[in-house]
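Student: Below is a structure I'd like to ask you about.
The numbers here are math on the coordinates, done by the rules we state, and not lab data. Just so we're clear, the structure is a prediction, and the values are computed from it rather than from any experiment. Every residue, glycine among them, receives a Cβ derived from its backbone with ideal geometry; neighbour counts consider all protein chains shown.
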Amino acid sequence: MFKKIIASIAFLSVPAWAAQPPFTGTDYSGRYECTGMDSHIGEYKGIVKMTLDPKQSTGEHGAYDFTLTLADNSRYDGFAIADMNSLAAYFAYTDPEPKDYGVGIAKITTTPDGKVSFTKHYYAPEYQGGGYGVETCVKG
């Protein structure tokens, strides 16, 4: 009886957030080739790499490390979260001086030839007085 009481107390003292369900969503990790249009720089090309963080992913919500490298080797590091076929991302240029950072929201789809793709609309509140853009990325 005493062991059951101790076990019950131990169970009740564990916070509810500590017992997260396992990740059951789609893993969107990979390398994506991107084309975009930015309100300041115009057309651009780049590569997005996303890597699932399994410790922070739970249920249908996948947490990711997110890196965008442009054709001129400018790099933006960040993170993203996916919820089924939606993706939200934060990114920041590796040089903090120009205040080139932002947030984006994307819809994840499949191309006609079966490749995973997303189109991300983003907002950069401080870069050159504020800006926005859109990029389409296809998993290679």
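Student: How many lysine pairs does the chain hold where the Cα atoms are under 23 Å apart and the two sit 8 or more places apart or on different chains?
Tutor: Counting lysine pairs in the chain gives 16.
Student: Nearest 10 degrees is fine. How inclined is helix 2-13 to the longest principal axis of the chain, computing both from alpha carbons?
Tutor: 20 degrees
Student: Around ALA92, under 12 Å between beta carbons, what's the net of Lys plus Arg minus Asp minus Glu among the other residues?
Tutor: Once positives and negatives cancel, what remains is -3.
Student: What does the charge count around HIS121 come to, taking other residues whose C-beta lies under 13 Å from its C-beta (Lys +1, Arg +1, Asp -1, Glu -1)?
Tutor: Summing Lys and Arg as +1 and Asp and Glu as -1 gives 0.
Student: In the neighborhood of LYS55, defined by Cβ-to-Cβ distances under 15 Å, what is the net charge if each Lys or Arg adds +1 and each Asp or Glu adds -1?
Tutor: Around LYS55, the charge tally is -3.
Student: May I pose another question? Using only DSSP helix segments of four residues or longer, with each worth -39500 (n - 2.57), what per-residue ellipticity at 222 nm results for the chain after dividing by its residue count and rounding to 500?
Tutor: -2500 deg cm²/dmol
Student: Also, quick follow-up: With charges only on Cβ, +1 for K and R and -1 for D and E, what is the dipole size of the chain about its Cα centre, in debye, rounded to 20?
Tutor: Result for the chain is approximately 740 debye, rounded to the nearest 20.
Student: Over the range 27-139, what relative contact order in percent results from Cα pairs under 8 Å that are six or more residues apart?
Tutor: Rounded, it is 23 percent for the range 27-139.
Student: Tell me which label goes with the value of Kirkwood radius over Cα pairs in Å computed from the coordinates here: (1) 16.7; (2) 14.8; (3) 15.3.
Tutor: Here Kirkwood radius over Cα pairs in Å agrees with entry (1).
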